[in-house]
């Protein structure tokens, strides 16, 4: 979601700020802006100069070039709207010009030089009370955002030291935030702060520059020396030096990590969109995720720099009585598939919770629970909050399946399995989902083995099947021409149903989510046995019904559900394993899948649903990689 980049340097940092924003574009945004300490035309020091827009970062860059914007200290931002509609007036950076003197006209007040400017990721929950207080003190609000209260609050507390003003201001904020703040009178200084939203400090080379960013990726190419700020930290970033203060205001030391961040500006190659590229990268992503897995051992899940003595994977797996999975969106559906695996193979009770709901309800904690979080970015605010809530209830056994080894989630969990999907730019997740499933299946096998429920022969057969997944996925991807034919029919529809049974019901849910996300077609998924309990009322000849039909124990039941649809004039689109004997007919379109893959079948069956959503979106002319209203990494609640 929102992106922050800041820099203090001896060179012009506008190109660095713009490039950093471009690397974060894939997360989604609706406006962007930049502010720098620029030379005052009068020759008297510097002034804060700001540019904002509601187009793409490339347009902001062109605007900066045309206005010859330069500066050695600055901040930049991409915004995903929470408070206030997408508009230039609501775009970051926001500024404070101080309280309006009595009798000054509005236009004159708005023309005064800016004193403080900042960018903000997160949500301030007590913004209304702060706004009322600041209005009473004469501050003028030019936006609808919660962010503007922060910049005015800092201005009201400023007494010659920006660090002290920011520290005093954040003590009054409730909610989540990462901030980068400039003051007109303190060039070559940025103060950053974080609470519930990620912020990193980049250490420049030769003592000539330092950086702040919401993601280390934004700093790829300018530094690989990264400090991950912790909850409540405030950072004073100056030329060639920095200081970090903890929540109590005490000096703190945070480790410097060498991070080889991949650039978001990956080459598309022969593909039309990043989503299509990422769908076709899944064989490689699965192979990379499974690289080095020669046997099922608990140590696969140990985070080398995290677990304390006695908290390793093996003793944890032996001591637990149940599993609790916390996740959002696509990751939640991965968790729902894993529930079937964990209960069937590891024989452990497993509960899957939507992370954004879990922390707000009364639950019954059990200290002998393995809390598993699933997240692509490792910075998903709802999932992090749910993890901390579970820990506060005494559930200390924690494990994450995550795609970013340096993320907050990996740092806060005792155990981790790092998937190797690589950077995923398309907002609609594809390869992150299938690699999550691969990691969760390995976890299932490790739990089963730790409990004495996995024989050597079973382990060998499961690993053999997993190693064959990349070639099986290639066979599924070869079905693309047939799926394009389906997509041409779906493009004219406005509603669709998806059906699945057993561990393929979450796959149907994921397929419906993909179609919604990028085509804007209303789609819902149901467990096929639920059709007669209500959803059949929706079935007409204009409502396509997609059915996931593997050759498993529920096939005959599923065939009966399909007949219920056909009897009511519904048109079925079935993804059927080769040996299911489901044949194309009037009102029944069939695409043959490779042979049944047993419990790993969901990893294969979801790929045609990804392709169906993608090609339908292309046919409808939507913005595939950046669908409206959505962001890639959801770092606010």
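Bear in mind that the values in this text are calculations on the coordinates, not laboratory data. Worth saying up front: this structure is predicted, and the values here are computed from it rather than measured. In this analysis, Cβ positions are derived from the backbone assuming ideal geometry, glycine residues included, and neighbour counts consider all displayed protein chains.
Could you work out the helix-only [θ] at 222 nm for the chain, with each DSSP H run of four or more residues adding -39,500 (n - 2.57) and the total divided by the number of residues, to the nearest 500 deg cm²/dmol? Don't skip to the end; give the middle numbers.
Working: 20 runs with 211 residues, N = 637.
My calculation for the chain gives -10000 deg cm²/dmol from helical runs alone.
Only beta bridges with both residues in the chain are counted; by DSSP, about 60 percent of them are antiparallel. For region 1-83, the alpha-carbon radius of gyration amounts to 1.07 times the rule-of-thumb value 2.2 N^0.38 Å expected for a compact globular protein.
How high is the FRET efficiency from residue 299 to residue 111, r the C-beta distance, R0 56 Å, rounded to 0.05? Each step should come with its number before you reach the end.
Details: r = 64 Å, r/R0 = 1.14.
Computed FRET efficiency for residue 299 and residue 111 comes out at 0.30.
Using a Förster radius of 30 Å, what is the FRET efficiency between residue 585 and residue 533 based on their Cβ-Cβ separation? Nearest 0.05, please. E between residue 585 and residue 533, to the nearest 0.05, is 0.70. Take the convex hull of the alpha carbons in region 110-216; its mean projected area over all directions comes to 7.3 nm². Helix 431-450 and the longest principal axis of the C-alpha atoms of the chain enclose an angle of approximately 70°.
Taking other C-beta atoms within 10 Å as the exposure proxy, 146, 246 rank 246, 146 from fewest upward.
Remark: 273, 615, 533, 94 ranked as 533, 273, 615, 94, counting other beta-carbon atoms within 10 Å and listing the fewest first. Remark: the residue 623-residue 489 segment gains 46.3 nm on full extension, using 0.36 nm per residue and subtracting the alpha carbon distance. Per the Kirkwood formula applied to alpha carbons, region 480-620 shows a radius of gyration over Rh ratio, Rg over Rh, of 0.92.
Quote the relative contact order of the chain in percent (integer), defining contacts as alpha-carbon pairs under 8 Å separated by 6+ residues. Working shown, then result.
Numbers: 1427 pairs, mean separation 75.6, N = 637.
In percent, rounded to a whole number, it is 12.
Counting only Cα atoms, the size of region 16-139 along its three principal axes is 42, 41, 21 Å, in decreasing order.
For region 274-467, what is the convex hull volume of the alpha-carbon atoms per residue, in Å³?
It comes to 104 Å³ per residue, whole-number rounded.
Between 0 and 90 degrees, the angle of helix 505-519 with respect to the longest Cα principal axis of the chain falls at about 50 degrees.
For region 3-258, what relative contact order do you get, as a whole percent, if you take Cα pairs closer than 8 Å and at least 6 residues apart? So the answer I get is 20 percent.
Each residue in 433, 441 was given a count of other beta-carbon atoms within 10 angstrom of its own, and listing them fewest first yields 441, 433. Take the alpha carbon gyration tensor of region 3-258, find the square roots of its eigenvalues, order them as a ≥ b ≥ c, and report rounded if a/c is under 1.5; if not, report prolate when a/b exceeds b/c, else oblate. The shape class here is rounded.
Efficiency by 1/(1 + (r/R0)^6): what FRET value for residue 144 and residue 460, r their Cβ-Cβ distance, R0 = 60 Å, to the nearest 0.05? Before the final figure, lay out the partial values.
Numbers: r = 61 Å, r/R0 = 1.01.
The computed FRET efficiency comes out at 0.50.
For region 480-620, averaging the sequence separation of C-alpha pairs within contact (under 8 Å, six or more residues apart) and dividing by the residue count gives a relative contact order of 31 percent. Taking only the C-alpha atoms of region 304-384, Rg followed by Dmax gives 13.2, 34 Å. Helix 555-566 against the longest principal axis of the chain: what's the angle in degrees, Cα atoms only, rounded to the nearest 10? Compared with the principal axis, the helix lies near 80 degrees.
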